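Undergrad: Pasting in a structure now, in structure tokens, and then I'll have a few things to ask.
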Amino acid sequence: MKNEAPLIKYLKDYQAPHYLIEKIYLEFSLADEDTLVKSTMDVKVKNAGEKLVLDGEELIFISAKINGEELAKDSLVFTNETLTISNLPTTDFVLEIQNRVNPKANTALDGLYKSSGIFCTQNEPEGFRRITYFIDRPDNLSVYTTKIIADKKQCPILLSNGNLIESGELDNGKHFAVWNDPFPKPAYLYALVAGDLGLVQDSFTTMSGRVIDLRIYVDKGNESKCHHAMESLKKSMKWDEDRFGLEYDLDIYMVVAVDSFNMGAMENKGLNIFNSAYVLADKETATDDNFYGIESVIGHEYFHNWTGNRVTCRDWFQLTLKEGLTVFRDQEFSADLNSRAVCRINDVNGLRGFQFAEDAGPTAHPIKPKSYIEMNNFYTSTIYEKGSEVIRMIYTILGPEGFRKGMDKYFELFDGSAVTTEDFVHAMSVANGNYDFSQFKLWYDQAGTPKLDVNFSHDISTGEFKISVKQSCEKVGGETIEKKPFHMPIKLGLVKANGEDHFLTLKDRADQRDISRGIVHLKNEVEEFIFTEVAEKVVPSFNRDFSAPVKIKSNTTKEDLAFLMSNDSNEFNRYESFMTYAKELLQEMVKTGSTNVEEKFALAFGKIITDDKIDDDFKSLCLTLPSISDLVQDQEIHAYTESKKAIDAMTKNLALRYEDEFIKIYNSIVSNEGEFKVDAKSMGQRKLKNLCLTYLGESSKANEFASKQFKAATNMTDLLGALKVIVHNNLASKAECLESFYSRFKDQTLVMQKWLGVQAGSEDDSTYETVLKLLESDVYDKTVPNLVRALVGTFAGNKAQFNHESGRGIKFVASQIKEVDKINPQVASRLASAFKGLKKMPVDLQKVARAELETIIAIDGLSKNVYEIVSKTLA
Ligand code: ARG
Ligand code: ZN
């Protein structure tokens with residue numbers, strides 16, 4: 001049976017609410033399956049005479065009163081998603097509602113749910129309507145007071161947003177707590193937590209001298225793993241003061257870690273709720289990437305307090321207003337605390353790996369989407385990461401000081417309100433002499449990754465160096481209207497033989513303003529820049545630091561790329577030249593089927609290995625070859641098998657050719673290792689060491705090196721690094737090491753997620769059978785999102801195995817989508833995005849995939865989440 005298509009919501013239909021709820025008093029009597037919610041709301045009438053439509057889903061209604069009087073049944077109309085009340089007073093009134101919810105049955109983990117003994121909430125974007133009837137939209141800002149009543153033994157800790165104003169004992173072993181948050185906020189920032197939790201406490205003194213009580217709540221026994229998160233929190237608070245002049249506002253800041261959570265973390269006012277993966281860490285159980293990720297996510301959620309909470313979104317189409325900006329802020333935070341170039345490279349690789357693929361696929365959307373079916377599907381790398389790139393371009397255009405002025409203006413104009421991306425750009429503009437962003441704003445409305453065709457030409461005799469650029473951007477994601485050229489800032493340099501930049505003098509152009517900063521502006525479809533007085537040989541270094549998030553095709557020669565790899569003063573572009581070179585070669589190998597590696601490239605690669613002037617972490621990046629997904633992105637039909645073959649061949653070739661060098665570096669790092677630290681230098685060393693081990697994984701000494709590291713490891717980075725090499729190369733000690741890892745960590749779910757991930761991520765053909773077996777493992781639980789992502793999600797992202805020519809990988813993931821959708825639609829729809837390459841799959845595979853997706857879309861009771869992704873993929 002065909003499902004009825006769910007409703008589409010459009011940005012153009014936005015209307016301000018007819019009613020606002022200025023104050024709400026909530027009382028919860030918590031019980032696993034039958035929680036009673038009483039809500040008392042002060043309702044402000046904006047448009048008298050209109051009906052009041054409250055959102056409400058999966059609720060059991062008890063009663064509604066207006067100004068103390070019970071409402072008659074005939075003034076209430078219910079649907080699955082709303083409660084409409086008519087015959088309302090024309091002046092402000094008090095609305096009281098009582099309802100019940102079942103937290104234990106809430107496996108979607110949206111709204112109020114109970115998992116592993118803890119009651120907690122997730123209300124962004126539309127979870128609050130699963131707690132009680134409400135005007136659940138971000139432009140409805142209310143002051144919340146919450147009374148929580150619960151069993152004292154089961155739930156000694158009772159938390160909500162803001163300040164604790166009262167608590168006490170009740171009969172029957174119960175107790176209560178009352179919290180009040182003085183800052184008006186939308187319902188998506190509301191939070192409640194109750195359970196038996198351990199506490200780690202610290203404090204932070206703000207720039208104005210206020211002492212903030214910092215608290216991290218975790219499962220008992222995990223207190224010792226909170227140190228890094230707490231340090232990260234204090235660093236975040238300091239950084240926001242230093243860089244943006246932004247101080248924390250409440251007197252208490254709480255973070256709660258839970259194991260079952262749909263995403264990374266949530267910035268609820270004064271009460272962040274985190275996936276425990278982004279809180280808990282010690283050297284035995286967390287990798288360096290985990291430490292890094294914790295710092296970044298703690299920062300992200302903290303920074304939301306100003307960009308998201310104090311100034312919030314008018315409607316969900318504006319999501320990038322807070323997410324793009326906050327990702328930009330967390331990226332800057334990480335860059336200031338770690339190596340800026342390495343951070344930039346990792347961020348750009350993340351963007352290219354996920355966002356570019358998304359932007360070329362069936363669910364492509366502008367950072368400000370025009371419509372959606374299920375908002376949860378729009379927490380995408382486009383809204384987040386591309387959104388951040390758009391903010392970064394504004395930053396590049398205005399410069400650090402201009403940007404800061406714009407931020408100050410943004411808070412001056414909009415603190416306490418719910419605004420749009422237009423409002424943000426407006427603030428940036430007026431703070432900078434009314435800078436003209438009219439063309440720039442197209443970045444908010446047009447989807448797709450722009451392409452630049454760049455041609456460099458140099459006439460030494462006249463001293464003219466010419467750069468011609470043509471920009472284009474294919475229509476994607478159902479776009480119909482003709483696209484207009486984007487305004488993009490391009491950072492560039494002309495590199496002289498000695499590695500220094502040539503001075504830049506631009507001929508015949510009005511927009512000279514930024515050339516002293518090495519920036520030109522692309523605005524027209526075709527642009528030409530002529531630099532004069534260039535009388536010596538130079539090599540152009542274009543789009544430095546990835547100043548515009550685009551794909552570039554240019555006539556730079558391989559010689560020039562090799563030159564830039566070792567001479568460009570811009571570290572990002574040194575790396576970029578390497579990647580461009582490697583990708584070009586690999587694509588040639590894919591086309592010709594050759595397994596030979598060009599000598600010039602191999603030599604350049606070797607030069608990097610032995611160059612001891614390069615930082616370890618930067619070196620590791622430069623020695624990491626492109627992945628299958630990097631390659632298929634630039635192929636008409638995704639040649640998964642051939643791409644894997646080319647990458648494997650190049651890896652093996654370089655590994656054997658430079659075996660001695662890898663061994664030398666490896667041994668020298670191992671013998672100089674001091675005590676374990678999580679600073680940039682030590683992390684860089686471990687990274688390079690484990691990269692060397694990856695190359696050694698190709699040699700005859702693989703098992704020797706990897707097993708030795710596995711046995712000797714005193715931290716998770718080294719242990720997992722070794723295990724990965726052992727598993728991915730099917731080394732002799734594989735079974736033994738997997739078993740020993742398992743028995744050591746089987747009670748720690750975060751570590752078991754790594755164990756599952758390593759196995760599901762192997763490109764080896766045995767992986768399919770392994771994954772089927774692991775589904776039955778006692779550490780796996782399909783109701784826990786982290787576990788599903790670690791096992792099924794990793795497999796779905798394993799390009800070699802998901803796209804296996806037999807079709808079995810595709811069939812398996814499709815069957816998992818069906819199973820998981822019944823439990824948790826958000827997790828299922830993320831899995832469904834693995835099919836975004838459908839139209840570029842090899843024909844036979846595409847047939848299999850289509851047939852599978854057709855069976856999904858035909859399911860009775862399929863979630864809106866999966867419906868939206870699958871229907872767009874099939875369209
Ligand atoms: N606002 C949260 C953050 O970026 C993420 C919320 C994601 N919500 C969702 N339903 N996927 O920190
Ligand atoms: Zn966020």
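Read-outs: derived from the displayed coordinates by stated rules, not from any lab. All of these numbers come straight from a predicted model, not from anything done at the bench. When we count neighbours, we look across all protein chains shown, and the Cβ atoms used for this are built from the backbone with ideal geometry, even at glycine.
Undergrad: Would you pick out the residues in region 230-248 that are closer than 17 Å to G209 by Cα, out of contact with any strand residue (DSSP E or B) (no Cβ under 7 Å at 6 or more places or on another chain) and of a type in the set (D, E, K, R)?
TA: K235, K238, D240, E241, D242, E247
Undergrad: Still on this structure, please answer the following. Filter region 2-30 down to residues that are without any contact (Cβ under 8 Å) to a residue 12 or more places away in the chain and either hydroxyl-bearing (S, T, Y) or in a loop (DSSP other than H, G, I, E, B) (or both), then give me how many there are. First the steps, then the outcome.
TA: Going residue by residue through region 2-30, those that are without any contact (Cβ under 8 Å) to a residue 12 or more places away in the chain are 4, 13, 15.
Now restrict to residues that are either hydroxyl-bearing (S, T, Y) or in a loop (DSSP other than H, G, I, E, B) (or both): 4, 15.
Residues flagged as without any contact (Cβ under 8 Å) to a residue 12 or more places away in the chain and either hydroxyl-bearing (S, T, Y) or in a loop (DSSP other than H, G, I, E, B) (or both) within region 2-30 amount to 2.
Undergrad: Right, here's the next one. Which ones in region 107-119 are within 14 Å of ligand 1 (Cβ to nearest atom) and either in contact with a strand residue (DSSP E or B) (Cβ under 8 Å, 6 or more places away or on another chain) or basic (K, R) (or both)? Spell out the reasoning first.
TA: Of region 107-119, the ones within 14 Å of ligand 1 (Cβ to nearest atom) are 108-111, 113.
Scanning region 107-119 gives L109, D110, G111, Y113.
Undergrad: Name the residue, out of N715, N730, N690, that is on the phi > 0 side of the Ramachandran plot and in contact with an Asp or Glu (Cβ under 8 Å, 6 or more places away or on another chain).
TA: Details: N715 fails: on the phi > 0 side of the Ramachandran plot; N690 fails: on the phi > 0 side of the Ramachandran plot.
Of N715, N730, N690, the one residue that is on the phi > 0 side of the Ramachandran plot and in contact with an Asp or Glu (Cβ under 8 Å, 6 or more places away or on another chain) is N730.
Undergrad: Just for region 210-249: of the residues that are among the acidic types (D, E) and buried (at least 19 other Cβ atoms within 10 Å of the Cβ), which one is nearest to L325 (Cα to Cα)? Break it down stepwise before answering.
TA: As a first pass, look at region 210-249 and keep what is among the acidic types (D, E): 213, 219, 223, 231, 240-242, 247, 249.
Next, from what is left, pick out any that are buried (at least 19 other Cβ atoms within 10 Å of the Cβ): 219, 240.
Values: D219: 32, D240: 13 Å.
Top of the filtered list is D240.
Undergrad: Report, by residue number, each residue of region 299-339 that is free of Cβ contacts under 8 Å to residues at least 60 places away in the same chain, more than 13 Å from ligand 2 (Cβ to nearest atom) and touching a Ser or Thr at 6+ places or on another chain (Cβ under 9 Å).
TA: Selection gives S334 alone.
Undergrad: Then there is this: Are there any helices (runs of 4 or more DSSP H) wholly within region 685-753 with 3 or more residues that are within 31 Å of the chain's Cα centre (by Cα), and if so which? Before the answer, list the steps.
TA: Details: elements: 702-712, 716-728, 734-745.
Of the helices (runs of 4 or more DSSP H) lying wholly inside region 685-753, those with at least 3 residues that are within 31 Å of the chain's Cα centre (by Cα) span 716-728, 734-745.
Undergrad: Let me ask something else about it. Are any of the residues in region 240-255 within 17 Å of I294 (Cβ to Cβ), away from ligand 2 (no atom under 16 Å from the Cβ) and of a type in the set (K, R)?
TA: Within region 240-255, not a single residue is within 17 Å of I294 (Cβ to Cβ), away from ligand 2 (no atom under 16 Å from the Cβ) and of a type in the set (K, R).
Undergrad: For region 265-290, name all the residues that are polar (S, T, N, Q), part of a loop (DSSP other than H, G, I, E, B) and more than 14 Å from ligand 1 (Cβ to nearest atom).
TA: First, the residues of region 265-290 that are polar (S, T, N, Q): 268, 272, 275-276, 285, 287, 290.
Remaining after also requiring part of a loop (DSSP other than H, G, I, E, B): 268, 285, 287.
The answer is T285, T287.
Undergrad: I'd like the full set of residues that are more than 16 Å from ligand 2 (Cβ to nearest atom), among the polar types (S, T, N, Q) and in contact with a Phe, Trp or Tyr (Cβ under 7 Å, 6 or more places away or on another chain), limited to region 371-423.
TA: Of everything in region 371-423, just one residue is more than 16 Å from ligand 2 (Cβ to nearest atom), among the polar types (S, T, N, Q) and in contact with a Phe, Trp or Tyr (Cβ under 7 Å, 6 or more places away or on another chain), namely S371.
Undergrad: Let me ask something else about it. Scan region 283-298 for residues that are over 14 Å from L720 (Cβ atoms) and among the charged types (D, E, K, R) and report the count.
TA: Residues meeting the conditions: 1.
Undergrad: Output the number of residues of region 754-775 satisfying the condition of being within 21 Å of T641 (Cβ to Cβ), part of a helix (DSSP H, G or I) and polar (S, T, N, Q). Break it down into steps so the answer makes sense when it comes.
TA: The initial filter retains those residues of region 754-775 that are within 21 Å of T641 (Cβ to Cβ), namely 760-771.
Now drop any that are not part of a helix (DSSP H, G or I), which leaves 760, 767-771.
Filter once more, keeping what is polar (S, T, N, Q): 767, 770.
Of the residues in that region, 2 qualify.
Undergrad: Take F356 and tell me if it is more than 13 Å from ligand 1 (Cβ to nearest atom), assigned to a helix (DSSP H, G or I) and farther than 22 Å from W239 by Cβ.
TA: On the way: more than 13 Å from ligand 1 (Cβ to nearest atom): yes; assigned to a helix (DSSP H, G or I): yes; farther than 22 Å from W239 by Cβ: yes.
In short, yes.
Undergrad: Do you know which residues across region 359-379 are part of a helix (DSSP H, G or I) and within 15 Å of ligand 1 (Cβ to nearest atom)?
TA: Quick first cut of region 359-379, residues part of a helix (DSSP H, G or I) only: 359, 375-378.
Listed by number, the residues that qualify are M375, N376, N377, F378.
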